[in-house]
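What follows is calculated from the coordinates using simple rules that are stated; it is not laboratory data. Bear in mind that the values here come from a model prediction, so they are computed numbers and not experimental data. A quick note on method: Cβ atoms are made from the backbone with ideal geometry, for glycine too, and the neighbour counts reach across all protein chains shown.
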Amino acid sequence: MRPLVARVGQARVFLLEVSLNGVLIAHQGNIPPEGGTGVVMFEWENIAVALECQIIRNTLQKMARNANEKSVYHAAMEIIRASDTAMKTLRDLITEIVARALDEQKANARGIPAVAAQTFQTGKGSQFLRMELLNGAWRRTETTRPDQPMNGFTISAEEPPDHIAMLCETYASATNESRKLIKLMAELSISKAEGIPTRRYSP
């Protein structure tokens, strides 16, 4: 995603990555330390969003070269509290990011084919399927936990077998960035009953 201007308290920061569990921000050392909490505030589509987060990791990304510069840090923050409206807006933002990335990759004739966006079904129950790529082979596990694995994805148990096969094939041959998109789409599809918006495929 393109960096999005945000604030943590009075500090101006940039959102680098977002998920339903947390955010990654760039800052200049003016947020609470690791273990502390802060409210990440930003606007999207004229809707104000506030996410109360805990700083899980804070690392130096770029050291200042002189007294006129400031060092840049990257902080991983876990969402610990947010309103239903804020989470819905966050979901909409993530969906837009994924859709835009898919369209860009389709235009560049590389990465995930846009048709992959059609393969995710809405997760309406509590039964899921965890697909993990281990040593070049897929391990399939039925589970009630919706969390995403490190190398693979978790989807609704209602996914048709041909869709699962397509997702596995696409994931296995995708770049790291494209794999992140697949996991984001999988997370969105099972996080709430409404799933993700349907997009028409046009080659």
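Could you name the aspartates and glutamates in cross-link range of LYS62, using Cα to Cα under 20 Å and dropping any fewer than eight places away on the same chain?
In chain and number order, the partners are GLU17, GLU34.
Give me the Kirkwood hydrodynamic radius of region 4-82 in Å, from all C-alpha pairs, to one decimal place?
12.7 Å
Sort THR89, THR141 so that the residue with the fewest other Cβ atoms within 10 Å of its own Cβ comes first and the one with the most comes last.
The order, fewest Cβ neighbours first, is THR141, THR89.
Treat the count of other C-beta atoms within 10 Å as a stand-in for reagent exposure and order MET87, MET150, MET185 from fewest to most.
In increasing order of surrounding Cβ atoms, one gets MET150, MET87, MET185.
Fewest first, what order do ASP147, ASP92, ASP84 take by the number of other Cβ atoms within 10 Å?
Fewest-to-most Cβ neighbours within 10 Å comes out as ASP84, ASP147, ASP92.
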